[in-house]
Amino acid sequence: MLSQQIITLIEKELKKYPADQRQSAVMAALRFVQDEKGWIAPEDMADIAVYLGMPQMAVFEVATFYHMYNLKPMGKYTLTVCTNLSCQLCGSGDTLEHLHKKLGISLGEVTVDGKYGIREGECMGACVDAPMFSINNKQLCGRLTNEKIDQILAELDKQ
Amino acid sequence: MSAQIILATANDGLAKLDNYIKAGGYQALRKVLTEKISPEAIIAEVKASGLRGRGGAGFPTGLKWSFMPRNYDGVKYLVCNSDEGEPGTCKDRDILRYNPHLLIEGMAIAAYTMGVKTGYNYVHGEIFEAYEVMEAACEEARKAGYLGKNILGLDFEFDLHNHMGYGAYVCGEETALLESIEGKKGQPRYKPPFPASFGLYGKPTTINNTETFASIPCIIREGGQKFADLGVPNSGGIKLFSISGHVNNPGNFELPMGTPFKKLLELAGGVRKGHKLKAVIPGGSSMPVLPAEIMMDVNLDYDSLQKAGSYLGSGAVIVMDDTTCMVKALERLSYFYYEESCGQCTPCREGTGWLYRIIHRIEHGEGKPEDLDLLLDLCNNIAGRTVCALGDAAAWPVQGMLKHFRKEFEYHIEHKRCLV
């Protein structure tokens, strides 16, 4: 079941598109589910399909095509580290290594307490701030150093 | 004209409507609407400006606008491509988050010119903060009568909505982007038909890059010729350059077309201390790499870079110093195209994986002498044989690297380690 909050958000998105093009809101709907639950389960895709009046397979196609959807449970805070060229040149390898040391996890993994997950990202379109990661696809943290990463993690630990 | 036309920073505060208006914002739109300038005259002005698509393809904007059917009664759409995911490129992000009303004004003028009432701005999924600024700016513009019905109290209607991507490089290709707005996988369409006749929801549609739209208000205010004169012949106006990688002060810079690369490098604080420039990718990761000795004499405009063997692309300049292993750099780029191929065309789906696996094995000391010719053979069988340009984008970096740094690849194969 989609929560009332998600339905309210989807309804707001639907206003952007012609009335007969409800499918246009599918990307946003998947995003809202992920924001609420941390990941998107097949049952959520089925609910979205019913709500938007589209085949369940078409929702599945979208959820699996776009990289930023989590198709398995991730951490409460999922850090997506860009490893593309500008970031690689500026030390994204060191970023990953430091996160590995601090959190004990590698790409695609989640800490035992479920608090942190790390994913590999493709170009975030913010290359002048390399190296960087995003937190839950919402906040970009750039020009990372080991000290800055420690600060960010300390802040998240408090929450 | 002021020195900075498009580029703003957080300190300018232009994301707030009041400040934008105080700085002369929405005057171009007001001029167009109150003086009832004809669409033909606007297109002529844009053509005179020499403005070419700033997303990377460099197609003349005025010409693109002229393709939209004039005497068509049905719905037409205007789409802004803010899906900025070409590695190295991050200029549109600064327009979205620091100067959103400039984009709205540019799109409103374009909408008036082409008789469009609805627009979409497709924002790269990774820059949520910029999406939120755009959402707030559109809302503010709507309330103040710059979007919606009866704009400026006149008989003109245009509304703009933001659509967020969610991690697919290929959606920067205009027809994949349209599919994505329709709520589908972002797989490019076969052209023709072109979007101007069959675009979003099957309706006539014009798609331009964020920076392209953001250049329009200045062109209308100051005149096309004045804008063109800022640049050089065949590369009119000013352009945003993102410079990243091994420089002291990476950032976005607004410069006249035709500015020497040397000058941009200087603005970016030069190469990291204690190191020498080795190579530069001058226009986003898809463009062929150029060695330092060529780059230091090149000007940043369409013709100069083409003559030098690369392209201006999106104006994203990736700087590599003498510590860079070209095999490792190319391995990462090839992985990117492999990962981002939409899987629709066999040469790209299979070929990008093949390219990546060969470069991966060279990087890991398992390359064979015949691999380099195999790579070039593969490139020739991918480029130009796919529905969209992603296949070409995957081939060009490989061809560029082997043209200028073949020796480094040979060394890697022979000695099973880096030259640097």
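The values are calculated or read from the model by the stated rules, or taken from the named source; none is laboratory data. For clarity, every value in this text was computed on a predicted model and none was experimentally measured. All Cβ positions, even for glycine, are placed from backbone atoms using ideal geometry, and neighbour counts span all protein chains on display. Each accessible area value is taken on the protein alone, full model and side chains, heavy atoms only, with ligands, DNA and RNA left out. Shrake-Rupley method; radii C 1.70, N 1.55, O 1.52, S 1.80 Å.
Things to note:
- Filter result (open to solvent by less than 10 Å² (accessible area, probe 1.4 Å), touching a Gly at 6+ places or on another chain (Cβ under 8 Å) and either within 18 Å of A:GLU122 (Cβ to Cβ) or within 14 Å of another protein chain (Cβ to nearest Cβ) (or both)) within segment B:87-104: B:PRO87, B:GLY88, B:THR89, B:CYS90, B:LYS91, B:ASP92
- The residues listed here are B:TYR146, B:TYR131, B:TYR112; of these, the one that is among the hydroxyl-bearing types (Ser, Thr, Tyr), assigned to a helix (DSSP H, G or I) and either within 14 Å of B:TYR26 (Cβ to Cβ) or away from chain A (no Cβ under 11 Å) (or both) is B:TYR112.
- Condition broken by B:GLU179, with the remaining ones in (1) in contact (Cβ under 8 Å) with a residue 40 or more places away in the chain; (2) part of a helix (DSSP H, G or I); (3) within 11 Å of chain A (Cβ to nearest Cβ); (4) among the charged types (D, E, K, R) satisfied: (1)
- Test: residue in segment B:242-249 that is more than 14 Å from every other protein chain (Cβ to nearest Cβ) and open to solvent by 10 Å² or more (accessible area, probe 1.4 Å): no
- Per-region count, segment B:273-290, residues open to solvent by 10 Å² or more (accessible area, probe 1.4 Å) and modelled with pLDDT of 95 or more: 6
- A:GLN139, sole failed condition from (1) free of Cβ contacts under 8 Å to residues at least 12 places away in the same chain; (2) under 13 Å from the mean Cα position of the chain (by Cα); (3) more than 9 Å from chain B (Cβ to nearest Cβ): (3)
Results for (1) open to solvent by 20 Å² or more (accessible area, probe 1.4 Å); (2) modelled with pLDDT of 95 or more; (3) not in a helix (DSSP H, G or I), shown as yes or no for each residue.
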| residue | (1), (2), (3) |
| --- | --- |
| A:ARG119 | yes, yes, yes |
| A:CYS123 | no, yes, yes |
| A:PRO131 | no, yes, yes |
| A:SER134 | no, yes, yes |
| A:LEU140 | yes, yes, yes |
| A:LYS148 | yes, yes, no |
| A:GLN151 | yes, yes, no |
| A:LEU156 | no, yes, no |
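- The numbered conditions (1) more than 10 Å from chain A (Cβ to nearest Cβ); (2) of a type in the set (A, V, I, L, M, F, W, C); (3) under 23 Å from B:SER286 (Cα atoms) are all true for B:ALA48 except (3).
- Segment B:367-413, residues that are in contact (Cβ under 8 Å) with a residue 24 or more places away in the chain and of a type in the set (D, E, K, R): B:LYS368, B:ASP371, B:ARG385, B:ASP392, B:LYS403, B:ARG406, B:GLU408, B:GLU410
- Members of segment B:58-71 found to be in contact (Cβ under 8 Å) with a residue 60 or more places away in the chain, closer than 25 Å to B:MET287 by Cβ and not in a helix (DSSP H, G or I), listed by number: B:GLY58
- 1 or more residues more than 25 Å from B:GLN344 (Cα to Cα) and open to solvent by less than 20 Å² (accessible area, probe 1.4 Å): qualifying helices (runs of 4 or more DSSP H) within segment A:22-91: A:26-37, A:42-52, A:85-89
- Scanning segment B:250-273 for residues that are more than 11 Å from every other protein chain (Cβ to nearest Cβ) and either closer than 30 Å to A:GLY93 by Cβ or charged (D, E, K, R) (or both) yields B:GLU254, B:PHE261, B:LYS262, B:LYS263, B:LEU264, B:LEU265, B:GLU266, B:LEU267, B:GLY269, B:GLY270, B:VAL271, B:LYS273.
- Odd one out for B:ARG54 among (1) open to solvent by 60 Å² or more (accessible area, probe 1.4 Å); (2) not in a helix (DSSP H, G or I): (1)
- If you check B:TYR72, B:TYR20, B:TYR26 for being in contact with a Pro (Cβ under 9 Å, 6 or more places away or on another chain) and at pLDDT below 95, only one passes: B:TYR72.
- The listed residue being surrounded by 22 or more Cβ atoms within 10 Å (Cβ to Cβ), touching a Gly at 6+ places or on another chain (Cβ under 8 Å), in a helix (DSSP H, G or I) and of a type in the set (A, V, I, L, M, F, W, C), out of B:VAL79, B:VAL46: B:VAL46
- Applying the condition of being aliphatic (A, V, I, L, M) and open to solvent by 10 Å² or more (accessible area, probe 1.4 Å) to segment B:326-381 and asking which residue is farthest from the chain's Cα centre (by Cα) yields B:LEU374.
- Looking only at segment A:93-107, and only at residues there that are open to solvent by 30 Å² or more (accessible area, probe 1.4 Å) and in a loop (DSSP other than H, G, I, E, B), the one that is farthest from A:VAL81 (Cα to Cα): A:GLY104
- Of all residues in segment B:264-276, those that are farther than 13 Å from B:SER244 by Cβ have Cβ atoms under 7 Å from Cβ atoms of residues that are among the β-branched types (Val, Ile, Thr) and assigned to a loop (DSSP other than H, G, I, E, B), 6 or more apart or on another chain, in B:HIS275/B:THR323.
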